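The values are calculated or read from the model by the stated rules, or taken from the named source; none is laboratory data. Keep in mind that what you see is a predicted model, and the values were worked out from it rather than measured. Cβ coordinates were reconstructed from backbone atoms using ideal geometry, including for glycine residues, and neighbour counts include every protein chain displayed.
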Amino acid sequence: MRMRAQMLTGLGAAIAAAGCIPVQIQAPDEPIEINLNVNIRQEVIVRLERDAEELLENNSGLFGGPSQ
Amino acid sequence: MMRKLAFAAVIAAGLAAAVAPALAQDAVLNQARANGLIGEQADGYLGIVPGADVSADIRSRVDQNNIQRRALYTRRAAQRNVSVNEMAAAVACEVFENRIGIGERYRNEAGQWRQRTTSQPVQMPSFCPD
């Protein structure tokens, strides 16, 4: 009985909290966020090029042999 | 003196054992690669081609290989202050560029399995530098 009362109180609190969250229906300024991420990523990849080469050379057993 | 030598020998043997797996080519995996059962993925890891009849041995070797790759990526990513996925992707670019042989299968960025042939070159992931 007490458990149930606690659960109900918790539920009430959750609903109250949910009710307080402001609903924003603002249209996003930048709908191309995915592309933005790719750009940042590519920059990092470019920076890591030499590290990647080195990893491959030093651990060639883990990766396939050089291809033709 | 003898004890020192013996100690050095033990250390050397241990080092060799630690380094050997990374350097030695895995003939079983190479064969599976050539048979089109497994292949490189755009995420920097090795994958098993869907529907391929792969033995438990190959499966566990692929898992072991990927665990070792992940350890390498993780260490280097920490040194360079980038995410593990980014380090893995950078290696994937190198692998796609230089390590996929003709006839071998690979999994492209979209997750589709493709085969490199003489007329169809490897599809490079979009995040790779030109």
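So, of the residues in the range B:81-130 that are among the small types (Gly, Ala, Ser) and over 20 Å from A:GLN42 (Cβ atoms), which turns out to be farthest from the other protein chains (Cβ to nearest Cβ)? Before you say what the answer is, go through the steps one by one.
Taking the range B:81-130 as the starting set, the residues that turn out to be among the small types (Gly, Ala, Ser) are B:83, B:88-90, B:92, B:101, B:103, B:110-111, B:119, B:126.
If we keep only those that are over 20 Å from A:GLN42 (Cβ atoms) as well, we get B:101, B:103, B:119.
Values: B:GLY101: 4, B:GLY103: 10, B:SER119: 15 Å.
Checked the range B:81-130; the qualifying residue farthest from the other protein chains (Cβ to nearest Cβ) is B:SER119.
Determine the pairs where a residue that is within 18 Å of B:GLY101 (Cα to Cα), located within the range B:41-64, has a partner that is surrounded by fewer than 16 Cβ atoms within 10 Å (Cβ to Cβ) and of a type in the set (D, E, K, R) with Cβ atoms under 7 Å apart, the partner being 6 or more residues away or on another chain.
Taking only residues 6 or more apart or on different chains, the pairs are B:ILE48/B:ARG59.
If I ask for residues that are of a type outside the set (Asp, Glu), surrounded by fewer than 13 Cβ atoms within 10 Å (Cβ to Cβ) and more than 11 Å from chain A (Cβ to nearest Cβ), which ones from the range B:59-68 would you list?
The one that is of a type outside the set (Asp, Glu), surrounded by fewer than 13 Cβ atoms within 10 Å (Cβ to Cβ) and more than 11 Å from chain A (Cβ to nearest Cβ): B:SER60.
Among B:ASN108, B:ASN98, which is in contact with a Pro (Cβ under 9 Å, 6 or more places away or on another chain) and over 21 Å from A:GLY61 (Cβ atoms)?
On the way: B:ASN98 fails: over 21 Å from A:GLY61 (Cβ atoms).
Of the residues listed, the single one that is in contact with a Pro (Cβ under 9 Å, 6 or more places away or on another chain) and over 21 Å from A:GLY61 (Cβ atoms) is B:ASN108.
With respect to the numbered conditions (1) modelled with pLDDT of 95 or more; (2) closer than 27 Å to B:TRP113 by Cβ, which one is the sole condition not fulfilled by B:ARG76?
Unmet for B:ARG76, out of (1) modelled with pLDDT of 95 or more; (2) closer than 27 Å to B:TRP113 by Cβ: (2).
Touching a helix residue (DSSP H, G or I) at 6+ places or on another chain (Cβ under 9 Å) and loosely packed, with under 15 Cβ neighbours inside 10 Å: is that true of B:ALA89 in this structure?
Considered against the rule, which asks whether it is touching a helix residue (DSSP H, G or I) at 6+ places or on another chain (Cβ under 9 Å) and loosely packed, with under 15 Cβ neighbours inside 10 Å, B:ALA89 comes out as no.
Has the range B:50-63 got any residue that is at negative phi, among the aliphatic types (A, V, I, L, M) and at pLDDT below 95?
No.
Restricting the range A:29-59 to residues that are assigned to a loop (DSSP other than H, G, I, E, B) and at pLDDT 85 or above, which is surrounded by the fewest Cβ atoms within 10 Å (Cβ to Cβ)?
Narrowing the range A:29-59 to residues assigned to a loop (DSSP other than H, G, I, E, B): A:29-32, A:48, A:59.
This time we only want the ones that are at pLDDT 85 or above, so: A:48, A:59.
Values: A:LEU48: 24, A:ASN59: 17.
Among them, the one singled out is A:ASN59.
Taking B:ARG76 as meeting all but one of (1) among the charged types (D, E, K, R); (2) in a helix (DSSP H, G or I); (3) under 21 Å from B:ASN30 (Cβ atoms), write down the number of the exception.
The one condition B:ARG76 does not meet is (3).
Give the range B:69-79 a look and list any residue that's surrounded by 15 or more Cβ atoms within 10 Å (Cβ to Cβ) and either within 10 Å of chain A (Cβ to nearest Cβ) or in contact with a Pro (Cβ under 8 Å, 6 or more places away or on another chain) (or both), or say none.
Applying the first criterion (surrounded by 15 or more Cβ atoms within 10 Å (Cβ to Cβ)) to the range B:69-79 yields B:69-70, B:72-73, B:76-77.
Within the range B:69-79, B:ARG69, B:LEU72, B:TYR73, B:ARG76, B:ALA77 qualify.
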